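Since the structure comes first, as structure tokens, the remarks are kept for the end.
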Amino acid sequence: MNSTPLRTEIGGITLENPLMLASGILDENGYTMARILREGAAAVVTKSIGLDERTGYMPPVVFPGDGYLLNAIGLTNPGIDSFGDEIRVAKEAGKPVIGSIFGKDAEEFLRVALKMESYGVAGIELNLSCPHVKGFGSEIGSDPALVEEIVGELKRKLKVPVFAKLSPNVTDIVAIAKAASASDGLVLINTVRGIAIDIFARKPVLTNGYGGLSGRAIKPIGVRLVHEVKKETGHAIIGVGGIYTASDVMEYIMAGADAVQLGTVLMDRGKSVFREIAAELGTLLEKLGEGSIRNLVGVAVS
Amino acid sequence: MMLNSTVLSTSRLSPNVKKLDFEWNVDVEPGQFIMIWSPGIGEIPMSVSHLGNPKSITVKSYGIVSSRIMELAPGEMIYFRGPFGNSFDIRKGKKLLIGGGSGMASLHPLIGPGVHGLVAGRTSSDLLFSEEFEKDKVTLATDDGSVGIRGTAVDALRTIDVDQFDSVYVCGPELMMYGVMKELGKYSAFVQFSLERNMKCGIGVCDSCSIDGFQLCTQGPVFEMETVKNMREFGKERLNISGRRIKYNL
Ligand SMILES: Cc1cc2nc3c(=O)[nH]c(=O)nc-3n(C[C@H](O)[C@H](O)[C@H](O)COP(=O)(O)O)c2cc1C
Ligand code: FES
């Protein structure tokens, strides 16, 4: 019998279980991240940090609906130079802290990444879903050449592993995944674009109008994209999108994910969800007659 | 889900504070709050100051959203999400309420026969609901001395024999509450604080309201003395609206 049935590994980072905190949910304040790690998360990803301080959009920045959440926070962040304290406090919990970053081009990504690395993070996650300055309206992550340039530049200059978080709002995710093949792992998926309109106010609810859809509603999209990318590239993957239960985690793993991230579920199940799902996963593994979760990675991909 | 209702009536409590009454037939506990939306403008958290049906909010104008909400007239629609947060644990026995500025809105549902109040603010027009306490059961304090004791809530607290109370409930600006916490630490009464931080989502995802890893919007805003005393951020540091760490200058 394996004594560590839930242990997994991604990009050289060992995780005590496959459950990480997703970027942007309860990860602006170091004390919150430390608490989430103590509640059983194997690792946390910080909210996405850029070069300069940004206040983001005026609330409403979230709209919870039936089975989903819409958000448009607006890349609120203190600027990389002011983020060291949060990483230091989060690291007091003694587990991996991964820094999520965004930028407008390869040079900016690199500047932010180097600073983030100097704070002692275990890895860097690239949020490639921010607006593309040149290709107005689209996302950086929809331009394969740019993705390749950013990932390549960071892999050359950083010592820590680099994960590329891809957007589902593209026509050909496999092309983007291939462009990011120099990364130590792909993170799939970010939110799906959506909108909610208040019919009495006759206006979009989110101040930004459009937002990103997350939660239960997007799970089949996430699992499909993980499956498709695993099948076409064989790359290491972190699965994210709509995970609410241990069986959701298992679906992502069987579709090809080595680890997963939880986000919106924290709204419904609170921070204790990590410990709870880890326990449920243990039971589920036994039921499936497996000694290690590693044996199940990608089993549903033919 | 975004809820809506119609403003039934409004009343002005002071030059920049207004009470808005609206129909809403759900149970709201004392200390809980809602997120009020002004379509196309913004959304802000607000204590439910009157809990029956109709319910009321007490709005102080301090920004563009609150100013717009203050302008709402009877018959106009009010949009909101909630109720959010935990509530005060109302114990039997003698109670003292300590409210600073608009913090009194959250304490208002606790005012009742025999309940004592300490109401503090910068100037006389900041002292909300002080006239609802029984005459001999209220202590007032203003920074400018325009009414009551000239000084802070802590100065006023020092004139009160806290040992006579079984429970104390506190709501106001953080530094006022920090001072009150230090002073109340000398006594054995059951004490609860309703803390205040930026609130953006109200549903425990954005982290803007967090203090020492607790989310005010889901695990608070009400915390007991024991918890507050052990917080590393309370009264010392907070994140600004962009998430940048700011130290209070004490
Ligand atoms: C409120 C909120 C903020 C988010 N902020 C970020 C962010 O800063 N960077 C990022 O890469 N993803 C961000 N995301 C996306 C999540 O990390 C995740 O990819 C997505 O929500 C799907 O997972 P879920 O359904 O478990 O929430 C955010 C999601 C939410 C709900
Ligand atoms: S207001 Fe967003 S977590 Fe509390």
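The values are calculated or read from the model by the stated rules, or taken from the named source; none is laboratory data. Source: prediction; values computed, not measured. As a convention, Cβ positions derive from the backbone with ideal geometry for all residues, glycine included, and neighbour counts pool all protein chains shown. To get the accessible areas, we keep the full protein, side chains included, count just its heavy atoms, and leave off ligands, DNA and RNA. Shrake-Rupley method; radii C 1.70, N 1.55, O 1.52, S 1.80 Å.
Reported count of residues in segment A:35-56, each being assigned to a loop (DSSP other than H, G, I, E, B) and without any contact (Cβ under 8 Å) to a residue 40 or more places away in the chain, is 4.
All of A:Ala300, A:Ala217 fail the test of being touching a residue at least 40 places away in the same chain (Cβ under 8 Å), away from ligand 2 (no atom under 16 Å from the Cβ), touching a Phe, Trp or Tyr at 6+ places or on another chain (Cβ under 9 Å) and open to solvent by 50 Å² or more (accessible area, probe 1.4 Å), apart from A:Ala217. When B:Asn16, B:Asn86 are checked against the criterion of being within 14 Å of chain A (Cβ to nearest Cβ), open to solvent by 20 Å² or more (accessible area, probe 1.4 Å) and touching a strand residue (DSSP E or B) at 6+ places or on another chain (Cβ under 7 Å), B:Asn86 stands alone in meeting it. For segment B:129-150, a residue qualifies if it is out of contact with any Ser or Thr (no Cβ under 7 Å at 6 or more places or on another chain), open to solvent by less than 30 Å² (accessible area, probe 1.4 Å) and on the phi < 0 side of the Ramachandran plot, and the qualifying residues are B:Ser130, B:Phe133.
Across segment B:3-24, the number of residues qualifying as of a type in the set (A, V, I, L, M) and modelled with pLDDT of 95 or more comes to 4. For segment A:189-214, which residues satisfy the criterion of being part of a strand (DSSP E or B) and either free of Cβ contacts under 8 Å to residues at least 60 places away in the same chain or open to solvent by 70 Å² or more (accessible area, probe 1.4 Å) (or both)? Answer for segment A:189-214, where residues must be part of a strand (DSSP E or B) and either free of Cβ contacts under 8 Å to residues at least 60 places away in the same chain or open to solvent by 70 Å² or more (accessible area, probe 1.4 Å) (or both): A:Val192, A:Arg193, A:Ile197, A:Asp198, A:Lys203, A:Pro204.
Would you confirm whether or not segment A:59-74 contains a residue that is surrounded by fewer than 20 Cβ atoms within 10 Å (Cβ to Cβ), more than 16 Å from B:Val205 (Cα to Cα) and touching a Ser or Thr at 6+ places or on another chain (Cβ under 8 Å)? For segment A:59-74, residues surrounded by fewer than 20 Cβ atoms within 10 Å (Cβ to Cβ), more than 16 Å from B:Val205 (Cα to Cα) and touching a Ser or Thr at 6+ places or on another chain (Cβ under 8 Å): absent. Filter segment B:199-232 down to the residues that are surrounded by fewer than 19 Cβ atoms within 10 Å (Cβ to Cβ), touching a residue at least 24 places away in the same chain (Cβ under 8 Å) and either among the basic types (Lys, Arg) or within 16 Å of ligand 1 (Cβ to nearest atom) (or both) and list them by number. B:Lys229 - this is the single residue of segment B:199-232 that is surrounded by fewer than 19 Cβ atoms within 10 Å (Cβ to Cβ), touching a residue at least 24 places away in the same chain (Cβ under 8 Å) and either among the basic types (Lys, Arg) or within 16 Å of ligand 1 (Cβ to nearest atom) (or both). Take the residues of segment B:233-249 that are of a type in the set (A, V, I, L, M, F, W, C) and facing another protein chain (nearest Cβ under 8 Å): which is least open to solvent (accessible area, probe 1.4 Å)? The residue in question is B:Leu239. Is segment B:76-83 home to any residue that is open to solvent by less than 40 Å² (accessible area, probe 1.4 Å) and touching an Asp or Glu at 6+ places or on another chain (Cβ under 6 Å)? No, that holds for no residue.
Here's the yes/no breakdown for (1) within 8 Å of chain B (Cβ to nearest Cβ); (2) open to solvent by 10 Å² or more (accessible area, probe 1.4 Å):
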site: A:Gly12; (1), (2): no, yes
site: A:Asp27; (1), (2): yes, no
site: A:Ala42; (1), (2): no, no
site: A:Leu51; (1), (2): no, yes
site: A:Arg54; (1), (2): yes, yes
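Counting only helices (runs of 4 or more DSSP H) that sit completely within segment A:57-163, those holding 3 or more residues that are within 14 Å of another protein chain (Cβ to nearest Cβ) correspond to A:84-91. Of everything in segment B:189-198 that is farther than 18 Å from B:Leu118 by Cα and open to solvent by 30 Å² or more (accessible area, probe 1.4 Å), the residue that is farthest from ligand 1 (Cβ to nearest atom) is B:Glu196. The criterion of at least 1 residues that are of a type outside the set (Phe, Trp, Tyr) and within 15 Å of the chain's Cα centre (by Cα) is met by the following helices (runs of 4 or more DSSP H) wholly inside segment A:224-302: A:246-254, A:265-269. Determine, yes or no, whether B:Gly31 is at negative phi and away from chain A (no Cβ under 14 Å). No. Residues in segment B:168-179 include none that are under 20 Å from B:Ile34 (Cβ atoms), touching a Pro at 6+ places or on another chain (Cβ under 7 Å) and buried (at least 19 other Cβ atoms within 10 Å of the Cβ). Restricting segment B:89-110 to residues that are open to solvent by less than 30 Å² (accessible area, probe 1.4 Å) and farther than 16 Å from B:Val180 by Cα leaves a set whose member that is farthest from the other protein chains (Cβ to nearest Cβ) is B:Leu110. Among the conditions (1) more than 16 Å from ligand 1 (Cβ to nearest atom); (2) basic (Lys, Arg); (3) surrounded by 18 or more Cβ atoms within 10 Å (Cβ to Cβ), B:Lys186 misses just one, which is (3).
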